[in-house]
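Asks: This is the structure I want to talk about, given as structure tokens.
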Amino acid sequence: MHHSVNTRLVIGPNASMSVRQAIWFMAWMCGVSLAIGGFFAVKGFWPILPFAGLELVALGAALTVSLRRNRYREVVDFEDEAIRIEVGEVGRGAGLQVRLPRSSTRVLLESGPYRNSPTRLLLSSPGQQLELGRCLTDEERNHLAVRMRELIHPGWRRQADGKTESAPG
């Protein structure tokens with residue numbers, strides 16, 4: 001008797017800095033930069049202050065973009081007969097929702113167009129194809145592909161030598 005696997009995978013970037021850490025880092029950099037700029041301004045080199053300000057604006061913009069990208073998520077739900085994928089940002093909800101039939105969905109791991117290009121992890125079903133895991137490394141995408149194959153078709157498993165086999169019966 002076959003039992004469906006009901007699992008949720010949440011894919012997101014490796015967020016190395018929280019909002020609080022980013023605020024503290026920005027405040028520290030402002031203090032250091034403006035102290036150095038102020039020292040030179042007192043010595044008569046006042047043009048350094050506008051450049052220090054521009055540098056801080058650029059740093060603030062980079063931190064904002066980085067924090068916004070860290071909110072990106074792909075949620076993959078493996079239900080009895082379907083796979084439901086939602087793509088969006090934390091706090092904003094799903095911007096894209098796709099439902100694929102579980103029985104006809106295949107997991108593909110393709111090489112990039114060039115030798116050093118990242119791999120692409122695709123969920124493919126007749127008439128639909130969706131790329132997942134763009135925020136992951138090649139190694140992470142490979143592990144995710146193996147795990148997704150196991151979840152879609154529980155009888156599938158990978159041997160130590162890299163070959164695939166089906167469970168008997």
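Asks: Examine the stretch 99-116 for a residue that is farther than 30 Å from Met26 by Cα, of a type in the set (Asp, Glu) and in contact (Cβ under 8 Å) with a residue 60 or more places away in the chain, and state whether such a residue exists. Break it down stepwise before answering.
Replies: Within the stretch 99-116, the subset farther than 30 Å from Met26 by Cα is 99-116.
Filter once more, so that each one left must be of a type in the set (Asp, Glu): 110.
Narrowing the set further to residues that are in contact (Cβ under 8 Å) with a residue 60 or more places away in the chain leaves none.
Checking the stretch 99-116: not a single residue is farther than 30 Å from Met26 by Cα, of a type in the set (Asp, Glu) and in contact (Cβ under 8 Å) with a residue 60 or more places away in the chain.
Asks: When the residues of the stretch 44-95 are filtered to those that are hydrophobic (A, V, I, L, M, F, W, C) and assigned to a strand (DSSP E or B), which remaining residue is surrounded by the most Cβ atoms within 10 Å (Cβ to Cβ)?
Replies: At the first step, the residues of the stretch 44-95 found to be hydrophobic (A, V, I, L, M, F, W, C) are 45-46, 48-49, 51-52, 54, 56-59, 61-63, 65, 67, 75-76, 78, 82-83, 85, 87, 90, 94.
Filter once more, so that each one left must be assigned to a strand (DSSP E or B): 75-76, 78, 82-83, 85, 87, 94.
Values: Val75: 16, Val76: 23, Phe78: 19, Ala82: 15, Ile83: 20, Ile85: 20, Val87: 17, Ala94: 15.
This residue is Val76.
Asks: Take the stretch 96-130 and flag every residue that is within 17 Å of the chain's Cα centre (by Cα) and surrounded by 13 or more Cβ atoms within 10 Å (Cβ to Cβ).
Replies: Listed by number, the residues that qualify are Leu109, Pro118, Thr119, Arg120, Leu121, Leu122, Leu123, Leu130.
Asks: Now a separate question. Has the stretch 68-88 got at least one residue that is more than 30 Å from Leu130 (Cα to Cα) and free of Cβ contacts under 8 Å to residues at least 40 places away in the same chain?
Replies: Going residue by residue through the stretch 68-88, those that are more than 30 Å from Leu130 (Cα to Cα) are none.
So far as the stretch 68-88 goes, no, none of its residues is more than 30 Å from Leu130 (Cα to Cα) and free of Cβ contacts under 8 Å to residues at least 40 places away in the same chain.
Asks: Right, here's the next one. How many residues does the stretch 13-38 contain that are among the polar types (S, T, N, Q) and surrounded by 10 or more Cβ atoms within 10 Å (Cβ to Cβ)? Quick ask: steps written out before the conclusion?
Replies: Filtering the stretch 13-38 for residues among the polar types (S, T, N, Q) gives 14, 16, 18, 21, 33.
Imposing the further condition that a residue be surrounded by 10 or more Cβ atoms within 10 Å (Cβ to Cβ) reduces the set to 18, 21, 33.
Number of matching residues: 3.
Asks: Give Leu63, Leu56 a once-over and let me know the one that is assigned by TED's automatic domain parsing to the domain that holds Val32, in contact with a Phe, Trp or Tyr (Cβ under 9 Å, 6 or more places away or on another chain), modelled with pLDDT of 85 or more and within 30 Å of Gly38 (Cα to Cα). I'd like the intermediate steps shown before the answer.
Replies: Values: Leu56 fails: in contact with a Phe, Trp or Tyr (Cβ under 9 Å, 6 or more places away or on another chain).
It is Leu63.
Asks: Of the numbered conditions (1) surrounded by 15 or more Cβ atoms within 10 Å (Cβ to Cβ); (2) in the same structural domain as Gly133 (by TED's automatic domain parsing); (3) free of Cβ contacts under 8 Å to residues at least 24 places away in the same chain; (4) out of contact with any Gly (no Cβ under 8 Å at 6 or more places or on another chain), Ala41 satisfies every one except a single condition; which is it?
Replies: Failed condition: (2).
The values are calculated or read from the model by the stated rules, or taken from the named source; none is laboratory data. Predicted, not measured: the structure shown is a model, and the values here were computed from it. Neighbour counts run over all protein chains shown; Cβ positions are idealised from the backbone, glycine included.
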